[in-house]
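To start, the structure itself, in structure tokens.
Just so you know, all these numbers are worked out from the coordinates, no wet-lab data involved. Given the structure is predicted, the values throughout are model-derived calculations rather than measurements. Cβ placement follows ideal geometry from the backbone for every residue including glycine, while neighbour counts extend to all protein chains displayed.
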Amino acid sequence: MTRVIKNLLWNMSYQVFILLLPIVTIPYVSRVLGPTGIGINAFTNSIVQYFVLFGTLGLTMYGNREVAYNRDSKQKLSNLFWELSLLRIITTGTSAVVYIGFVLISGQYQSFYLIQGLLLIATAIDMSWFFQGLEEFRITVLRNTLVKIVSLILIFTLVRTKHDLWLYILILTGSQVLGNLTLFPYLRNYVSKPRWHQLHLLSHLHPTIEMFIPQIATQIYLQVNKTMLGALVGVQASGFYDNSDKIVKILLAVVTATGTVLLPHSAHSFAQGRHDKVEASLNKSMHFILVLAFPMTAGLAGIAPIFTQVFFGAGFEPVSNLLMIESVVIVLIGISNATGVQYLLPTNQLMPFTTSVVLGAVANMILNIPLILLFRSDGAMVATVLSEFLVTGYQLSKIKNQLNIFNLFNEVWKYFLASLIMGISVRIFISTLSLSNVGGLLGTALYGVVTYSIALLMLRPRVLLNMISTFRRSRG
């Protein structure tokens, strides 16, 4: 369990860092590129992500799980690596050819589409799934962090006017290519030379396609909202949605980091027939998720107006409402990440997982058009929240007869109450002091953390205190 906690901390730190990279630059880039520039990047990126999706099929999540299943046999692990890597290159290469054809007939934003296309190269050479399956998160964190820091420096030194949008996109996409390349030297410690006669690429095609279905559905409410806003309303609306989504994704990176870490751990336990360990791991993970997700939701909703004003500047006022609406998904995705990624997938229950995300995607598509036409960006965000409600509710209905649901949620009311107290206090704090600058934002965030911590300690959640006690003993 100590190794799991260390991996969780490594992965959580890295996920926050790679998402903090664009967020740290947003106050600067938003003012340099403006709503239109931000919107063009969001819209063109949403298009290329569809081709990235079809290029990877379900190989990332499938590869992560299969490495966890086979990591005790070096030869099987090596064969698996070569099979999935070659299959990934073939599928991504095919997608890249189709993408080039799309770019040639696209007309508007053609140069930006070409630069965004570097993400397909980054996808083809991405080996992070392999190291995640081995639970070697330290390797990916340290190597990629250096590359991301370099890209951060380049943005601040080279992106100076609105005409540098192409350069901004190039830095973002190029850094992903470089970051994935830095993982290659570590492979020699785990992978031997391929034995070509032993490789069976096609044997993985069917299961990866099975995992591809939920990824298609997931991608719909990751990207289609920005695409539809750009098409139906304009690229500025797409940019507003994207800015709100980036902020929420930072908080979600912390909440869902447990999923990336515990998927291979739970899959390995399941392969050994230890269902008790899988359930115990899920129980602890759920409480860890919720103790973070509830205050993040309440805190973000409370500081949204001052945060938008300080972070994005003039012209981005609609983002405030979007943040307040979207904050709810932090709790919803946190729960579905635990039940789906940490339980259904490791225990080979792909069908209910797939059905849940397909239902969410269909609901999102149905709700999007009328809500976007009526309420623009706000409507798209409401559609997202309602879709996540459906996904989470369906997954819980499927596991209720397999697990003790009471153990998963028996102290949720304490996290909720402490968060509610904090959220109300934060909003009163801002209104009373009329805060509207960076110092006020930081002070409000600190005030929220302290208020939540005190309220939670007074309520004394038993599961959380036991987890802290166990971790301290393991460190000692």
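List of remarks:
- Within the chain, the whole DSSP H helices whose Cα atoms reach 18 Å or more along their own axis and whose mean Kyte-Doolittle score is at least -0.5 are 2-56, 74-106, 137-158, 165-181, 205-219, 235-271, 275-311, 350-399, 412-433, 438-459, 462-475.
- Potential lengthening between ILE424 and ILE153 on full extension [0.36 nm per residue; Cα-Cα distance subtracted]: 93.8 nm
- Residue-averaged [θ]222 nm for the chain, counting only DSSP H segments that reach four residues, each worth -39500 (n - 2.57): -28000 deg cm²/dmol
- The value of relative contact order for the chain, using C-alpha pairs under 8 Å at least six residues apart, is 20 percent.
- Available extension along the chain between LEU201 and LEU457 is 86.8 nm, counting 0.36 nm per residue and deducting the alpha carbon span.
- Label-point separation in nm, ILE105 to LEU442, each point 7 Å along Cα→Cβ: 5.3
- Between the beta carbons of VAL450 and PHE184, assuming R0 = 41 Å, the FRET efficiency works out to 0.35 to the nearest 0.05.
- Pairs of Lys residues in the chain that lie 8 or more places apart, or on two chains, and have C-alpha atoms under 16 angstrom apart add up to 6.
- Cleavage-rule hits (trypsin sites (Lys or Arg not before Pro)) in segment 363-434: DSSP loop, at most 13 neighbouring Cβ within 10 angstrom: LYS400
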